[in-house]
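The values are calculated or read from the model by the stated rules, or taken from the named source; none is laboratory data. All values derive from a computational prediction rather than experimental measurement. Every residue, glycine among them, receives a Cβ derived from its backbone with ideal geometry; neighbour counts consider all protein chains shown.
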There are 2 protein chains.
Amino acid sequence: MNTKAKKISQKIAPSQSARMVETIYGCKWSLTVYQLLQEGINRPGEMVRAVDGLSTKVLNQCLKRNVEFGILNKVSFNELPPRVEYQVTELGEQFLAILAQLEALQKHIDTRD
Amino acid sequence: MNTKAKKISQKIAPSQSARMVETIYGCKWSLTVYQLLQEGINRPGEMVRAVDGLSTKVLNQCLKRNVEFGILNKVSFNELPPRVEYQVTELGEQFLAILAQLEALQKHIDTRD
């Protein structure tokens, strides 16, 4: 038997999904937006009206970043006046499930000893 | 009916668990250490021998951080010579399950057109 142990190489972090967690938590309104979407509030104007301290500009930045990551879809309806809604994508659903588990883990941490 | 929408307040990110993800992915050997532990390689000396490019100093920093977060337990055996082993805690198991899902999400992202 060879006495030399099998060498294991470095395991690389999933950079994109890890960056998603960091960025989304960095964008302080993302979690609020997900909550609004769950409540069926999916138009930017409604969102701004529903949340204290949320401006249109900041919301748009937040929505844009979420669309870039593929977490949200922007759906434009060709109506008069034009209507825009946001929806959680399939990838987004997976991502939100992970965020929910991080939240559960936080509760676990908070209740330790 | 009141026309004023119910105001929703900002939802705060679970700071500690989010920081765990960032820190663990930032510590470039953590994922390798978890893999070693899964393979039953749980003593620092064995770990260094099993992994190319991993130094004792860097490994110890990585292990220490994981113990601080409560992901790993350090178990010291009162033997001659003294023996030290690392184990994944219950919290750690939960955390590793989340990391596995982030990895799966990454594969989902990578296979998008």
If you scan the stretch B:18-28, which residues turn out to be free of Cβ contacts under 8 Å to residues at least 12 places away in the same chain and either β-branched (Val, Ile, Thr) or in a helix (DSSP H, G or I) (or both)? B:Ala18, B:Arg19, B:Glu22, B:Tyr25, B:Gly26
Could you check the stretch A:38-91 and list, in sequence order, the residues that are of a type in the set (Gly, Ala, Ser), buried (at least 16 other Cβ atoms within 10 Å of the Cβ) and farther than 25 Å from B:Arg112 by Cβ? A:Ala50
Residue set A:Leu80, A:Leu63, A:Leu99; condition touching a residue at least 60 places away in the same chain (Cβ under 8 Å) and not basic (Lys, Arg); output residue A:Leu99
Report, by residue number, each residue of the stretch B:48-66 that is more than 10 Å from chain A (Cβ to nearest Cβ) and either touching an Asp or Glu at 6+ places or on another chain (Cβ under 9 Å) or under 24 Å from B:Glu90 (Cβ atoms) (or both). B:Leu59, B:Asn60, B:Gln61, B:Cys62, B:Leu63, B:Lys64, B:Arg65, B:Asn66
Quick test for you: out of A:Val88, A:Val51, A:Val84, A:Val58, pick the one residue that is at pLDDT 90 or above and either farther than 22 Å from B:Ser9 by Cβ or among the acidic types (Asp, Glu) (or both). A:Val84
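Taking the conditions exactly as written (touching a strand residue (DSSP E or B) at 6+ places or on another chain (Cβ under 7 Å), more than 12 Å from chain B (Cβ to nearest Cβ) and at pLDDT 90 or above), does A:Leu37 satisfy them or not?
no
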Any chance you could count how many residues in the stretch A:66-81 are within 20 Å of B:Lys11 (Cα to Cα) and among the small types (Gly, Ala, Ser)? 0
Could you list, in sequence order, all residues of the stretch B:90-111 that are out of contact with any Phe, Trp or Tyr (no Cβ under 9 Å at 6 or more places or on another chain) and more than 7 Å from chain A (Cβ to nearest Cβ)? B:Glu90, B:Glu93, B:Ala97, B:Ala100, B:Ala104, B:Lys107, B:Asp110, B:Thr111
